[in-house]
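The values are calculated or read from the model by the stated rules, or taken from the named source; none is laboratory data. Since the structure is predicted, the reported quantities are computational estimates derived from the model, not experimental observations. Neighbour counts are summed over all protein chains in view; Cβ atoms, including those assigned to glycine, are modelled from backbone coordinates with ideal geometry. Accessible surface is based on the protein model in full, side chains and every heavy atom, while ligands, DNA and RNA are left aside. Shrake-Rupley method; radii C 1.70, N 1.55, O 1.52, S 1.80 Å.
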Amino acid sequence: TGYQRRVHGGRPHKTSEPEHITDTESEFVVTSLKHTYLSHVIFEFSVHNNLDDHVLEDVVVKMDGEIEGLEEASSVPIKELKTGDTASCYVVFERDSGVFPVGAAAAVLFFTMKEVDPDTGDVDPDGTADEYQLEEVVVNVCDYVEGLEVANFHKEWEEIGELEQTAETFSLGHMKTLQAAADEIVGFLGMEVHGNSKTVPQKAKAHTVLLAGTLSSDPPPKLFVKARVFYSTENVVTLEFTIRGGDEEVRGFLSQELVS
């Protein structure tokens with residue numbers, strides 16, 4: 001959006017998909033977006049005013065929650081929101097480069113509500129301060145990872161080599177199928193899927209998902225993942241997670257967050 005580009009110069013490393021944090025039929029329909037930069041995370045809250053004959057002023061979202069590694073720096077309110085209008089307010093958090101905070105924060109919409117005369121359009125100068133509870137906002141690992149398209153995954157994989165590799169094996173006992181495990185891994189990492197490997201063939205006993213992405217750090221490392229899901233001898237869904245690229249700390253962080 002215009003605001004976050006003006007403030008932080010250019011395109012964010014990653015912008016999340018919009019998520020509804022209110023019911024779509026509520027008086028105020030709010031969606032959240034996360035814009036990730038090297039040293040900031042900007043939370044954008046798009047607010048739609050469904051209230052007839054009311055204008056909202058000084059609309060702002062206040063976030064409350066300890067996401068370790070994120071510190072609130074500033075916020076930008078919506079000055080005025082008329083019936084049927086949509087606009088965005090922002091909350092800016094600072095983060096240290098090379099740190100990837102994850103967690104959840106409660107969010108509350110604060111505003112001043114003023115009645116509008118439907119015949120004259122005059123706004124009552126005496127407003128009422130009010131608030132509206134939103135669903136919590138969650139920051140995930142995938143918010144720091146941008147998908148990477150490459151022409152030849154296997155060529156890139158071999159060029160990095162085993163010296164820049166971390167491999168772990170995890171039991172995924174809560175998963176009932178290989179497809180469910182593959183879907184969760186893809187969603188969690190937020191990387192680009194290669195080789196049409198997202199879908200597990202029917203009746204397969206093992207399957208490898210190929211993934212590539214870049215991480216929001218300076219410089220952004222290219223990361224390549226082979227996520228092999230299979231049934232163990234006890235018929236438990238198991239993950240063999242191999243990641244190449246970046247440094248050992250980054251690879252270890254992604255491996256451990258995956259199953260934390």
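Evaluating 6.51 cos²θ - 1.76 cosθ + 1.60 at θ = phi - 60° for every residue in segment 224-230, the Karplus couplings come out as 10, 10, 10, 10, 9, 9, 7 Hz, glycine and proline recorded as x.
Share of carbon and sulfur in the accessible area of segment 17-114 stands at 44%, probe radius 1.4 Å. With a threshold of 31 Å on the Cα-Cα distance, the over-threshold entries among LYS34/LYS79; LYS62/LYS176; LYS14/LYS203; LYS34/LYS203 are LYS62/LYS176; LYS14/LYS203; LYS34/LYS203. Available extension along the chain between GLU234 and SER39 is 65.7 nm, counting 0.36 nm per residue and deducting the alpha carbon span. Each Lys and Arg Cβ is given +1 and each Asp and Glu Cβ -1; about its Cα centre, segment 170-260 then shows a dipole of about 480 debye. In segment 101-239, Cα pairs under 8 Å separated by at least six residues give a relative contact order of 23 percent.
Only the Cβ atoms of Lys and Arg (+1) and of Asp and Glu (-1) were treated as charged; on that basis the dipole of the chain about its Cα centre amounts to roughly 1760 debye.
If R0 equals 22 Å, the separation of the Cβ atoms of ALA206 and GLU159 corresponds to a calculated FRET efficiency of about 0.30.
Give the residue from PRO12, GLY103, PRO219 lying farthest towards the positive end of the charge dipole for the chain; charges sit on Cβ (+1 for Lys and Arg, -1 for Asp and Glu) and the dipole is referred to the Cα centre. Highest projection toward the positive end goes to PRO219. Can you find, among ALA87, PRO77, VAL209, the residue sitting farthest towards the positive end of the charge dipole of the chain, where Lys and Arg contribute +1 and Asp and Glu -1 at Cβ? So the residue we want is VAL209. Normalised per residue, the accessible area of the chain is 53 Å², obtained with a 1.4 Å probe and no contribution from ligands, DNA or RNA.
Which of the following values of P(r) over Cα pairs in 5 Å bins from 0, in percent was calculated from the structure shown: (i) 1, 6, 13, 17, 20, 18, 14, 8, 3, 0; (ii) 1, 6, 12, 14, 14, 13, 11, 9, 7, 5, 4, 2, 1, 1, 0, 0; (iii) 1, 6, 11, 15, 17, 16, 14, 9, 6, 3, 1, 0, 0? Among (i) 1, 6, 13, 17, 20, 18, 14, 8, 3, 0; (ii) 1, 6, 12, 14, 14, 13, 11, 9, 7, 5, 4, 2, 1, 1, 0, 0; (iii) 1, 6, 11, 15, 17, 16, 14, 9, 6, 3, 1, 0, 0, the one derived from this structure is (ii). Between the beta carbons of ASP124 and ASN50, assuming R0 = 22 Å, the FRET efficiency works out to 0.70 to the nearest 0.05. Each residue of segment 142-155 was assigned a 3J(HN,Hα) from its phi angle through the Karplus curve 6.51 cos²θ - 1.76 cosθ + 1.60 (θ = phi - 60°); the sequence is 4, 6, 9, 10, 9, x, 10, 8, 10, 5, 9, 4, 5, 5 Hz, with glycine and proline shown as x. The label point for ASP218 and the one for GLU135, both projected 7 Å from the Cα toward the Cβ, are 3.5 nm apart.
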